[in-house]
């Protein structure tokens, strides 16, 4: 079994069930592909209850080389947690993973790992297969291939969710990528953004002149467990966001059936454009409303005429 010079970096928070699924998938993936990741660095700032559950989960995977670090409850956030995790990475490359990912047995990670080395790329990202259960065979594919164009007064940011290039240089990716450890350590993640930091992170990488590429050869399953009070707590913390970025950003997220406009890199409070399909629905409803108004106006006019006739008849 070959050990890759590659660490898995995971920032987890009050989701022991997700962490369990993730680690289980890593074990199965290594067995099927006959490879081994050098280390799995897990950074956790969950409460004590979830911390204890995470420890129990990790103890079930003694065959994996896991570096687990727990910090004060909700003291890190995503970006700071990643920076803390970088301090424990000893390999030349790492894969950043969310804790609700599941490794896909159809994906040849070693091939993408070789690509980033051969082409001297700083970050090579892939896409997600959204699944509704661990056993699900059906899935929907989502990718983020984004481009940032800077101007003096404002920036332009366009993200495409449904394109899957074999290899394309870009600015923004999903949070599943292989990265050069030295490059990311020098720049770091922006700690002022505890949540909704995604596009700010890649904006930072762009400013540092990172070579960022997207490939359809790299992919992972995404299965989010959200059926308990803990997940509600997670959502509450994830939704907190203050955007201090002063320069306006005109951005568009292009999906299969709609366009979403956002006024900053966070996508925290998107303004939805009316899609072509929805536009037809809105037009139909508007036309129906106009017809109703016309009917009511005609009725009112008829009633008004009758009243006037009655008045004339009485006056005679």
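The values are calculated or read from the model by the stated rules, or taken from the named source; none is laboratory data. Since this is a predicted model, take the numbers as computed values, not measurements. Cβ: placed from backbone, ideal geometry, glycine included. Neighbour counts: every protein chain shown.
Can you tell me which residues in segment 70-82 are surrounded by fewer than 18 Cβ atoms within 10 Å (Cβ to Cβ) and either outside any loop (DSSP other than H, G, I, E, B) or touching a strand residue (DSSP E or B) at 6+ places or on another chain (Cβ under 9 Å) (or both)?
Answer for segment 70-82, where residues must be surrounded by fewer than 18 Cβ atoms within 10 Å (Cβ to Cβ) and either outside any loop (DSSP other than H, G, I, E, B) or touching a strand residue (DSSP E or B) at 6+ places or on another chain (Cβ under 9 Å) (or both): 70, 71.
So in segment 164-183, with the set limited to residues that are farther than 16 Å from residue 218 by Cβ and over 19 Å from the mean Cα position of the chain (by Cα), which one is surrounded by the fewest Cβ atoms within 10 Å (Cβ to Cβ)? Talk me through it step by step, then tell me what you get.
Quick first cut of segment 164-183, residues farther than 16 Å from residue 218 by Cβ only: 171, 181-183.
Pick out the ones that are also over 19 Å from the mean Cα position of the chain (by Cα) and you get 181-183.
Numbers: 181: 18, 182: 11, 183: 17.
Step by step, filter segment 164-183, then rank; the result is 182.
Condition (residue is part of a helix (DSSP H, G or I), modelled with pLDDT of 95 or more, more than 23 Å from the chain's Cα centre (by Cα) and assigned by TED's automatic domain parsing to the domain that holds residue 193) applied to segment 6-28: is it met by at least one residue?
Within segment 6-28, one or more residues are part of a helix (DSSP H, G or I), modelled with pLDDT of 95 or more, more than 23 Å from the chain's Cα centre (by Cα) and assigned by TED's automatic domain parsing to the domain that holds residue 193.
If a residue has to be free of Cβ contacts under 8 Å to residues at least 24 places away in the same chain and either touching a helix residue (DSSP H, G or I) at 6+ places or on another chain (Cβ under 7 Å) or surrounded by 14 or more Cβ atoms within 10 Å (Cβ to Cβ) (or both) to count, how many in segment 146-163 make the cut?
Keep residues of segment 146-163 that are free of Cβ contacts under 8 Å to residues at least 24 places away in the same chain, which gives 149-152, 163.
Restricting the remaining residues to those that are either touching a helix residue (DSSP H, G or I) at 6+ places or on another chain (Cβ under 7 Å) or surrounded by 14 or more Cβ atoms within 10 Å (Cβ to Cβ) (or both) gives 163.
Qualifying residue count for the region: 1.
Inside segment 162-281, counting only helices (runs of 4 or more DSSP H) that do not spill past its ends, which hold 1 or more residues that are at pLDDT below 90, assigned by TED's automatic domain parsing to the domain that holds residue 139 and under 23 Å from residue 83 (Cβ atoms)? Give the derivation first.
Values: elements: 181-187, 198-207, 229-238.
Per the criteria, 198-207, 229-238.
When only residues in segment 29-56 that are in a loop (DSSP other than H, G, I, E, B) and in contact with a strand residue (DSSP E or B) (Cβ under 9 Å, 6 or more places away or on another chain) count, which is nearest to residue 84 (Cα to Cα)? If you could, list the steps in order and put the result at the bottom.
Taking segment 29-56 as the starting set, the residues that turn out to be in a loop (DSSP other than H, G, I, E, B) are 34, 45-47.
Subsequent filtering for residues that are in contact with a strand residue (DSSP E or B) (Cβ under 9 Å, 6 or more places away or on another chain) retains 34, 45-46.
Values: 34: 30, 45: 11, 46: 15 Å.
Top of the filtered list is 45.
If residue 87 satisfies all but one of (1) within 26 Å of residue 202 (Cα to Cα); (2) touching a residue at least 24 places away in the same chain (Cβ under 8 Å); (3) within 26 Å of the chain's Cα centre (by Cα), what's the number of the condition it fails?
Residue 87 satisfies all of (1) within 26 Å of residue 202 (Cα to Cα); (2) touching a residue at least 24 places away in the same chain (Cβ under 8 Å); (3) within 26 Å of the chain's Cα centre (by Cα) except (2).
In the set 19, 4, 23, which member is in contact (Cβ under 8 Å) with a residue 24 or more places away in the chain and under 17 Å from residue 82 (Cβ atoms)? Let's see the steps before the verdict.
Details: 4 fails: under 17 Å from residue 82 (Cβ atoms); 23 fails: under 17 Å from residue 82 (Cβ atoms).
Residue meeting the stated conditions: 19.
On the given criteria, is residue 122 touching a strand residue (DSSP E or B) at 6+ places or on another chain (Cβ under 9 Å) and under 27 Å from residue 14 (Cα atoms)? Walk me through how you get there before you give the answer.
Numbers: touching a strand residue (DSSP E or B) at 6+ places or on another chain (Cβ under 9 Å): yes; under 27 Å from residue 14 (Cα atoms): no.
It is false that residue 122 is touching a strand residue (DSSP E or B) at 6+ places or on another chain (Cβ under 9 Å) and under 27 Å from residue 14 (Cα atoms).
Do you know which residues across segment 91-113 are over 11 Å from residue 6 (Cβ atoms) and not in a strand (DSSP E or B)?
Step one: list which residues in segment 91-113 are over 11 Å from residue 6 (Cβ atoms), which gives 96-108, 111.
99, 100, 103, 104, 105, 106, 107, 108, 111 - these are the residues of segment 91-113 that are over 11 Å from residue 6 (Cβ atoms) and not in a strand (DSSP E or B).
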